[in-house]
Amino acid sequence: MSVIFEYFWVADRAAAVEWAIGPGGDWLGERPGDAAGVDWFDVKGIDAHVVLGQLVAFAGAGLLDSGAAPRLIWPDPDAVPYPHETCPAAGTAWDTGLILEEIPRSWRDTLAGVVEEAVPMLALQWCDIAEMRWDYEQATEGVRMFAGLARRASEAGAQLYCRFGA
């Protein structure tokens, strides 16, 4: 079974939490869903840290900013339950299994800069990594999807986000 990752862009972190988790971070409530007009897509098995990170490295000619990595936005990384409790996460946001991460701005900019002529080679490199489960055609479409989403986010001055369930 493969995890579904939702990639999207919105104006800011508060809007990201609102759309991806629920109003005010209420994971028990209803998500706004498509009615919110968010630019997004979902993919199986394309995690931000490894698989997307490889695409960014290929697109940046192998130069991946070593200090840049997706950043945990929700659950609040400063509100980790106490580990000495029997079930520290029970009843907390950490118990939901939902994760929301912000994609680094440098990654967004690298992906936004992908030109159509580079797509075939990027797809060939990307579909060849061990963690990739897509064939060349799927990888080609994936490169275009990520580059397009990043381009639209960059034009709007917005950041990219990734939501998934652990």
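The values are calculated or read from the model by the stated rules, or taken from the named source; none is laboratory data. Just so you know, these numbers come straight off a predicted model, no measurement behind them. Methodologically, a virtual Cβ is constructed for each residue, glycine included, from the backbone with ideal geometry; neighbour enumeration extends over all protein chains shown. Ligands, DNA and RNA are excluded from the accessible area calculation, which covers all protein heavy atoms including side chains. Shrake-Rupley method; radii C 1.70, N 1.55, O 1.52, S 1.80 Å.
Test GLU117 against the stated conditions and say whether it is within 18 Å of the chain's Cα centre (by Cα), open to solvent by 80 Å² or more (accessible area, probe 1.4 Å) and not hydroxyl-bearing (Ser, Thr, Tyr). So GLU117 fails the test. Here GLU102 passes the criteria (1) modelled with pLDDT under 95; (2) closer than 15 Å to PHE8 by Cβ; (3) acidic (Asp, Glu) except the one numbered (1).
Does LEU149 fit the bill of being under 13 Å from the mean Cα position of the chain (by Cα) and at pLDDT below 95?
No: the conditions fail for LEU149.
Residues of the range 73-94 include none that is out of contact with any strand residue (DSSP E or B) (no Cβ under 6 Å at 6 or more places or on another chain) and at pLDDT 95 or above.
Would you call GLN125 open to solvent by 80 Å² or more (accessible area, probe 1.4 Å), in a helix (DSSP H, G or I) and not acidic (Asp, Glu)? So GLN125 fails the test.
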